[in-house]
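Colleague: Right, I'll just put the structure down here and ask away after.
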Amino acid sequence: MIPYARQDINDADIQAVVEVLQSDWLTQGPTVERFEQAVAAYCGSAHSVATNNGTSALHLACQAIGLGPGDLLWSTPNTFVASLNCARHCSADVDFVDIDPRTYNMSVDALERKLASAAERGRMPKAIMPVHFAGQPCEMEEIGRLAGQYGAIVIEDASHAVGAQYRGRPIGECKYSDVAVFSFHPVKIVTTGEGGMLVTQRADLADRARLLRSHGVTRDPSKMRRQSEGPWYYEQLELGYNYRMTDIQAALGYSQLSRIDAFVARRHALAARYAEGLEGLPLRLPWQHPGAASSWHLYVIRLNVPSLSMDRAQVVRALREAGINVNVHYIPVHTQPYYEALGFRRGDFPEAEAYYAEAISLPMYAGLREDDQDRVIQVLNRILS
Ligand SMILES: *Cc1c(COP(=O)(O)O)cnc(C)c1O
């Protein structure tokens with residue numbers, strides 16, 4: 001079976017993990033700090049906070065901005081449920097902005113209209129969470145401008161987009177946002193097994209995320225309410241979590257990060273090969289915004305279903321029968337039973353729903369061999385023509 005995504009682990013990665021296993025630190029220690037600094041340096045953010053997964057980094061980002069009961073967060077329906085769940089974990093309400101049918105990212109026009117009508121009704125979002133779908137950056141300058149105009153905080157769900165660029169600058173620099181979050185799940189660009197990271201230029205958000213990452217406990221005397229009672233002394237200032245990354249994970253991430261540009265370049269080359277091999281078939285290739293450079297986490301084709309004798313599910317089944325384990329990203333979040341129970345309905349976000357009915361994520365990972373990719377192209381040509 002050719003998977004749709006796969007990690008790329010080499011001997012140096014394995015050696016880096018072995019070295020940590022033989023060292024004094026297994027849980028969060030010097031290697032986590034080294035990995036945090038390396039990611040911050042790579043993407044040009046002032047601060048970085050590593051976590052046990054991307055979902056907890058999203059949760060910490062929401063906590064750090066003070067999202068709570070009665071607040072509202074807007075994101076896109078075309079994302080993984082984690083983007084919205086993190087706001088629900090803060091007891092905040094959520095809503096969605098429909099997607100741009102070219103990029104499948106949050107539509108700036110829909111956002112602008114929704115903000116204007118929210119202002120009329122007096123129910124503004126405290127936070128807007130664009131998701132860089134498939135690794136293609138959202139139109140951050142416009143989103144940042146609208147957020148500034150209406151006083152909303154911007155949290156980028158950059159789970160797909162470490163290694164991507166927007167207007168020539170790395171995602172994670174947060175020029176048009178308050179904070180961004182990466183995921184290091186094995187299907188993403190670089191992996192730590194499970195892992196995530198929050199990056200920001202705002203020291204206040206990073207400090208709060210760091211405190212909440214470890215139970216709300218501090219060992220820093222300058223932050224304590226009382227006099228230290230001795231070298232063992234710590235204080236719990238808030239109700240936090242155990243969202244720490246281990247040094248084992250960070251060693252893998254640090255080693256992987258040294259190959260990130262090669263990973264992304266390889267994904268670009270594979271995307272170009274797909275574009276060539278699939279030309280002329282009844283499908284839409286992924287359109288790329290001229291102002292951005294994707295990390296190509298996913299390669300999504302959109303079938304021209306009306307011109308086919310099959311629907312999307314049949315095409316997926318035929319690909320899987322041919323040994324190609326394609327996937328679909330994403331079932332619109334507002335149609336999930338949990339979100340329907342909150343009042344959302346099929347039909348609420350028609351662009352995301354129409355996209356979902358036609359989308360297939362083809363195999364895309366740095367280690368995808370060209371002969372395997374050629375097989376994917378051949379099988380698609382056979383099925384669709
Ligand atoms: C992977 C992913 C997450 C969650 O990341 P984990 O590291 O698996 O917790 C969040 N949002 C999106 C869009 C993702 O793809």
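Colleague: For the range 74-103: of the residues being within 12 Å of the ligand (Cβ to nearest atom) and among the hydroxyl-bearing types (S, T, Y), which is surrounded by the fewest Cβ atoms within 10 Å (Cβ to Cβ)?
Modeller: Restricting to residues being within 12 Å of the ligand (Cβ to nearest atom) and among the hydroxyl-bearing types (S, T, Y), the top hit is S75.
Colleague: Mind listing just one residue for me: the one in the range 279-325 that is within 20 Å of H268 (Cα to Cα) and of a type in the set (K, R) and, of those, surrounded by the most Cβ atoms within 10 Å (Cβ to Cβ)?
Modeller: Within the range 279-325, the match that is surrounded by the most Cβ atoms within 10 Å (Cβ to Cβ) is R302.
Colleague: Ok, one more. Would you mind stating whether V328 is more than 16 Å from the ligand (Cβ to nearest atom) and either closer than 24 Å to R266 by Cβ or of a type in the set (A, V, I, L, M, F, W, C) (or both)?
Modeller: On the way: more than 16 Å from the ligand (Cβ to nearest atom): no; either closer than 24 Å to R266 by Cβ or of a type in the set (A, V, I, L, M, F, W, C) (or both): yes.
Against the criterion (more than 16 Å from the ligand (Cβ to nearest atom) and either closer than 24 Å to R266 by Cβ or of a type in the set (A, V, I, L, M, F, W, C) (or both)), V328 does not qualify.
Colleague: Is it the case that some residue within the range 56-73 is among the hydroxyl-bearing types (S, T, Y) and part of a helix (DSSP H, G or I)?
Modeller: Filtering the range 56-73 for residues among the hydroxyl-bearing types (S, T, Y) gives 56.
Pick out the ones that are also part of a helix (DSSP H, G or I) and you get 56.
So far as the range 56-73 goes, yes, one or more of its residues are among the hydroxyl-bearing types (S, T, Y) and part of a helix (DSSP H, G or I).
Colleague: From L146, L198, L111, which residue is in a strand (DSSP E or B) and either at pLDDT 95 or above or crowded, with 21+ Cβ neighbours inside 10 Å (or both)? So that I can check it myself, show each step before the final result.
Modeller: Details: L146 fails: in a strand (DSSP E or B); L111 fails: in a strand (DSSP E or B).
Checking each option against the conditions leaves just L198.
Colleague: Right, another one. So in the range 149-167, with the set limited to residues that are in a strand (DSSP E or B), more than 13 Å from the ligand (Cβ to nearest atom) and in contact (Cβ under 8 Å) with a residue 60 or more places away in the chain, which one is surrounded by the fewest Cβ atoms within 10 Å (Cβ to Cβ)? Before you say what the answer is, go through the steps one by one.
Modeller: Taking the range 149-167 and keeping what is in a strand (DSSP E or B), we get 153-157, 165-166.
So of that shortlist, the ones also more than 13 Å from the ligand (Cβ to nearest atom) come out as 153-154, 165-166.
Next cut, in contact (Cβ under 8 Å) with a residue 60 or more places away in the chain only: 153, 165-166.
Numbers: I153: 22, Q165: 18, Y166: 24.
Selected residue: Q165.
Colleague: Between H334, H297, H329, which is touching a strand residue (DSSP E or B) at 6+ places or on another chain (Cβ under 7 Å) and part of a loop (DSSP other than H, G, I, E, B)?
Modeller: Details: H334 fails: part of a loop (DSSP other than H, G, I, E, B); H297 fails: touching a strand residue (DSSP E or B) at 6+ places or on another chain (Cβ under 7 Å).
Within the list H334, H297, H329, the selection yields H329.
Colleague: Cβ contacts < 6 Å: first residue under 14 Å from G216 (Cβ atoms), restricted to the range 52-64; second residue within 10 Å of the ligand (Cβ to nearest atom) and modelled with pLDDT of 95 or more, any location; separation 6+ or different chain. Result?
Modeller: Within 6 Å, the pairs are H59/C86.
Colleague: Looking at the range 211-228 only, could you name the residues that are assigned to a helix (DSSP H, G or I) and either surrounded by fewer than 20 Cβ atoms within 10 Å (Cβ to Cβ) or modelled with pLDDT under 95 (or both)?
Modeller: The initial filter retains those residues of the range 211-228 that are assigned to a helix (DSSP H, G or I), namely 211-213, 221-223.
Scanning the range 211-228 gives P221, S222, K223.
Colleague: State whether one or more residues within the range 229-245 are closer than 16 Å to V190 by Cβ and assigned to a helix (DSSP H, G or I). Give the steps one after another, and end with the answer.
Modeller: From the range 229-245, those closer than 16 Å to V190 by Cβ are 245; that's our starting set.
Then drop every residue that is not assigned to a helix (DSSP H, G or I), which leaves none.
Within the range 229-245 (the criterion being closer than 16 Å to V190 by Cβ and assigned to a helix (DSSP H, G or I)), the answer is no, since none of the residues qualifies.
Colleague: Could you look through the range 348-377, keep only residues that are in contact with a helix residue (DSSP H, G or I) (Cβ under 7 Å, 6 or more places away or on another chain) and part of a loop (DSSP other than H, G, I, E, B), and pick out the one that is surrounded by the fewest Cβ atoms within 10 Å (Cβ to Cβ)?
Modeller: A357
Colleague: Moving on to the next point. Out of G70, G66, G44, I need the residue that is away from the ligand (no atom under 15 Å from the Cβ), within 20 Å of the chain's Cα centre (by Cα) and on the phi > 0 side of the Ramachandran plot. Which one?
Modeller: Numbers: G70 fails: within 20 Å of the chain's Cα centre (by Cα); G66 fails: within 20 Å of the chain's Cα centre (by Cα).
Answer to the check: G44.
The values are calculated or read from the model by the stated rules, or taken from the named source; none is laboratory data. It should be emphasised that the depicted structure is a prediction, and the values quoted were computed from it without experimental measurement. Positions of Cβ are generated from backbone atoms using ideal geometry, with glycine treated the same way; all protein chains shown enter the neighbour counts.
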